[in-house]
Amino acid sequence: MELVTPDIGLVFWTTICFVILLFILGKFAWKPILEAVKERENSIETALQRAEAAKDEMARLTNENEALLKQARVERDLILQEARKLKDQIISEAKESANTEGHRMIEMARIEINNQKAIAMADVKNQVASLSLEIAEKILNKQFEDQKKQDELVAQLLKEVKL
């Protein structure tokens with residue numbers, strides 16, 4: 001029963017031991033424990049700040065990435081549009097060049113045909129003139145075999161010629 005109703009000396013010595021224990025714990029244990037807790041709290045706070053900074057950096061990089069992707073898409077669209085314009089321009093130039101070349105070739109063929117036609121006509125005229133001369137020569141030779149016919153022809157020609 002002494003524990004339920006302790007003696008004043010026991011209470012005194014227990015209190016003294018408790019105060020000494022508190023002093024020793026305060027001096028050697030609580031300071032390092034509290035410092036470790038504060039250090040841990042600071043490291044957790046720093047880790048949270050770093051995590052927040054990393055999150056902000058990740059959001060910034062994501063936005064930057066999206067902006068770069070949008071810019072790349074815009075540039076790609078511009079390049080494709082320029083390529084289409086260039087393709088259309090090349091096609092139209094090729095068509096125009098082909099048409100011009102075709103007209104030039106047709107005109108050259110027309111000139112060549114006219115030249116060949118003129119050459120053929122000149123050849124035909126020469127042949128007709130040659131044949132006419134041969135025929136006239138043969139006719140005149142036949143008519144001029146007789147002296148009387150020659151005199152009549154000369155007289156008739158002189159009548160037709162007026163001075």
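Structural remarks
- Residues in the stretch 1-16 that are of a type in the set (D, E, K, R) and at pLDDT below 80: E2 alone.
- Put simply, of Q89, Q127, Q49, Q116 the only residue that is surrounded by 10 or more Cβ atoms within 10 Å (Cβ to Cβ), assigned to a helix (DSSP H, G or I), of a type outside the set (V, I, T) and under 20 Å from the mean Cα position of the chain (by Cα) is Q89.
- Of all residue pairs spaced 6 or more apart or on separate chains, none has beta-carbon atoms under 8 Å together with a first member in the stretch 91-110 that is free of Cβ contacts under 8 Å to residues at least 12 places away in the same chain and among the aromatic types (F, W, Y) and a second member that is assigned to a helix (DSSP H, G or I) and surrounded by 10 or more Cβ atoms within 10 Å (Cβ to Cβ).
The values are calculated or read from the model by the stated rules, or taken from the named source; none is laboratory data. The structure displayed is predicted, hence computed values, not measured ones. All Cβ positions, glycine included, derive from the backbone under ideal geometry; neighbour counts span all protein chains shown.
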